[in-house]
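Worksheet for the structure shown next.
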Amino acid sequence: MISVFWSRVVFLGIIFSTGALTFFQTSSSTTQSQYLSVRFLDVGQGDAIHIQTPDGYELLIDGGPTSLVLRELASGRSFFDSTIDVVLATHPDSDHIGGLVDVLARYQVATIIQTNTLNDTPAAAAYADSVTNERAQVVQAQTGQIIQLGASTTVHVLSPTGDTTRWRSNAASIIVQVSYGEIDFLLTGDAPLETEAYITQIFGESLQSEVLKLGHHGSKTSSSGAFLGVVQPDFAVVSAERNGRYGHPHAEVVGRVIERNIQLLSTAEEGTIEFLTDGKSVWQNK
């Protein structure tokens with residue numbers, strides 16, 4: 001199917017084990033850069049990751065718990081730029097989708113990727129209403145989908161598999177690996193240890209990534225030693241609030257990261273964390 005919203009076309013190929021579904025949409029931006037930018041936004045106790053490709057396409061993964069995400073998205077953006085190509089909601093917990101209500105109200109979004117996991121909370125209900133009102137193309141995430149975002153950036157969906165309607169919310173988290181040239185970012189939502197073990201069994205060494213977002217804000221329910229050993233990241237990122245009541249990241253996880261000589265970064269300490277890559281190397285942009 002073809003959806004023409006704006007001025008340039010990006011090909012998003014959604015590939016299933018049973019066949020192929022492809023669709024086209026336009027890009028929200030004409031901004032050009034020589035680097036892929038991946039920003040872990042400072043939204044307090046929650047996740048929000050903004051990705052902008054060298055040819056100007058945008059992907060927002062989660063939106064944190066509140067409207068703080070709008071402040072972060074506005075940084076460096078023209079006030080008149082009111083479009084985002086793709087929004088991906090990893091799972092319907094309030095610290096991931098609460099701010100997406102404000103994003104969908106502020107921005108015109110062409111495609112929304114999500115799960116059908118049920119969550120009986122006011123935040124989940126508000127998000128569902130916002131998705132309906134947005135009238136975007138909605139895609140249910142499944143393992144094996146590939147989103148080609150612009151000419152050079154590929155997003156691989158690694159989890160979940162099957163009908164997630166009755167799954168625990170964290171277990172149903174959408175896990176993606178974003179690839180640009182030789183550089184990979186593994187973004188895990190709140191996926192628990194069991195999900196890490198499952199995707200390790202399925203994907204093995206292909207999970208190796210230069211940057212890993214630690215699952216569940218650095219909680220000890222995620223980021224096992226075995227998983228870190230397979231991913232072998234150079235950087236591990238925690239998205240959490242300063243002096244938060246949950247104490248993220250957990251000391252056990254910090255220990256696992258340090259003993260593997262992985263550089264640990266936290267939005268609680270540094271605010272928004274941006275990585276840039278030219279496809280051959282990756283570095284923190286300070």
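General observations
- Rounded, prolate or oblate (a/c below 1.5 giving rounded, otherwise prolate when a/b exceeds b/c) for the stretch 117-222 by Cα gyration tensor: oblate
- Most positive-pole-ward Cα, HIS156, GLY204, VAL101, against dipole of the stretch 87-219 from beta carbon charges: VAL101
- Anisotropy class of the stretch 92-161 from Cα gyration tensor, a/c 1.5 cut: oblate
- Under the Karplus curve 6.51 cos²θ - 1.76 cosθ + 1.60, θ = phi - 60°, whole-Hz ³J(HN,Hα) for the stretch 135-151, x wherever Gly or Pro sits: 6, 7, 6, 10, 10, 7, 5, 8, 3, x, 5, 10, 10, 8, 9, x, 7
- Take every DSSP beta bridge whose two residues both sit in the stretch 135-276; close to 60 percent of them are antiparallel.
- Rounded if a/c under 1.5, otherwise prolate or oblate - the chain, Cα gyration tensor axes: rounded
- If only the Cβ of Lys and Arg carry +1 and only the Cβ of Asp and Glu carry -1, the dipole of the stretch 8-285 around its Cα centre is close to 200 debye.
- Within the chain, longest stretch clear of exposed chymotrypsin sites (Phe, Trp or Tyr not before Pro) (DSSP loop, no more than 11 other Cβ within 10 Å): 81-286
- Beta bridges per DSSP with both ends in the chain, % antiparallel, nearest 5: 65 percent
- Across the chain, the relative contact order, built from alpha-carbon pairs under 8 Å that are at least six residues apart, equals 16 percent.
- Hz values of 3J(HN,Hα) by residue in the stretch 59-65 - Karplus curve (6.51, -1.76, 1.60), Gly and Pro given as x: 10, 10, 9, 6, x, x, x
- Positive-end extreme of charge dipole, the chain - chosen from THR83, PRO233, SER179 (charges on Cβ): THR83
We did not get these values from a lab; they are worked out from the coordinates using the rules stated. Predicted, not measured: the structure shown is a model, and the values here were computed from it. We place every Cβ from the backbone using ideal geometry, glycine too, and count neighbours over all the protein chains shown.
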